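I have placed the structure first, in the form of structure tokens, so that the comments after it can refer back to it.
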Amino acid sequence: MQLGALIPFGDIGGDPAVLREYAQAAETTGYHFIEAPDHVLGQKPAGASAGERVADGLYHDPFVLFGYLAGITPNLCFSTGVLILPQRQTVLVAKQAACLDVLCGGRFRLGIGVGWNEVEFTGLNENFHDRGRRSEEQVQVMQKLWAEPHVKLKGRWHTIEDAGINPRPASGKVPVWFGGHHERTLERIAKFGDGWMPNAYPPDQSALDVFGQLRRQTEQAGRDPAQLGIEVWVSMGSGNEAEWAKEARFWKQAGASHLCLTTTFDRRHHKRISGHTLSDHIGALRRYHAAVADAL
């Protein structure tokens with residue numbers, strides 16, 4: 001089971017030196033990957049309705065960010081958590097992901113989601129209301145572009161006339177992992193995905209039930225569920241070392257392939273750490289790793 005961490009932009013900011021120190025600390029501590037969220041536009045908070053979520057924080061473009069970090073962390077892997085695919089041009093994402101995959105030596109996973117912020121879709125001239133259905137075709141188009149030098153296809157939303165991207169991933173693919181918890185998400189993973197990135201389930205029977213559902217649907221789609229990865233988010237704002245290790249053992253037994261530590265996420269059963277500085281977050285990385293290393 002691999003261990004990663006979500007970059008806490010909201011606390012540490014996005015200066016190059018800060019991000020370098022954080023990523024290198026994660027690598028030397030023994031983390032396998034780091035993960036970055038994605039937003040292109042941030043809605044002005046004053047324009048939001050009461051209770052509405054607002055994506056107005058700092059978010060580096062993940063492809064640019066990982067291109068920077070790949071050269072200074074030679075062993076660390078990278079994942080988007082998640083890239084909002086349907087607000088972006090499909091072929092361009094395929095090209096960006098392929099270039100990053102080549103330049104970092106295959107250390108990249110493309111985590112995708114459908115998004116929730118209609119303001120971004122409007123600003124990027126994309127349709128917010130068909131985003132889920134459209135994302136299914138987007139994944140299939142990208143997979144063809146990564147696998148084949150030239151592609152001919154006519155879909156509902158895409159037309160490619162005997163064209164291809166160059167470079168392409170050496171393996172012929174970039175792993176596509178789906179975020180989200182909608183019932184359609186499991187169907188999409190079962191048919192097209194390489195993994196799932198849920199964060200809504202605590203370590204209990206509810207998680208075991210939905211993991212079993214995903215495996216059954218994958219078998220029904222004619223694919224091997226053992227080939228699917230599952231990345232679970234974990235937090236350390238509550239509990240102690242023994243409890244974190246117990247949780248890690250639960251997830252490993254449940255079949256999770258990746259754990260992603262979030263030190264700032266504060267929703268559902270997750271609790272953020274009390275500190276906000278770079279040293280607080282690096283200290284948390286080290287403390288959590290020491291607690292769970294034997295359980296991985």
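We did not get these values from a lab; they are worked out from the coordinates using the rules stated. These numbers come from a predicted model, not from an experiment. Methodologically, a virtual Cβ is constructed for each residue, glycine included, from the backbone with ideal geometry; neighbour enumeration extends over all protein chains shown.
Values computed for the structure shown
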read-out	value
Fraction of beta bridges assigned by DSSP in the chain that are antiparallel (%, nearest 5)	15 percent
Percent RCO, i.e. relative contact order, over segment 2-295, from Cα pairs under 8 Å lying at least 6 residues apart	18 percent
Long-range HN-HN contacts of F178 with modeled amide H, under 5 Å	I112, D194, G195, W196, M197
Among 235-242, 148-155, the order from most to least packed when residues are scored by Cβ within 10 Å on average	235-242, 148-155
P(r), alpha carbons of the chain - 5 Å bins starting at zero, rounded %	1, 5, 12, 15, 18, 18, 15, 10, 4, 1, 0, 0
Signed unit charges on C-beta, dipole axis of segment 2-295, positive-most listed residue A226, P198, G67	A226
The chain: most fluctuating residue of R20, R156, R184 per GNM, C-alpha cutoff 10 Å	R156
Cross-link pairs K44/K271; K95/K191; K44/K154; K95/K246; K152/K252 - those with Cα-Cα distance over 32 Å	K44/K154; K95/K246; K152/K252
Long-range amide H partners of H270 with built H, under 5 Å	none
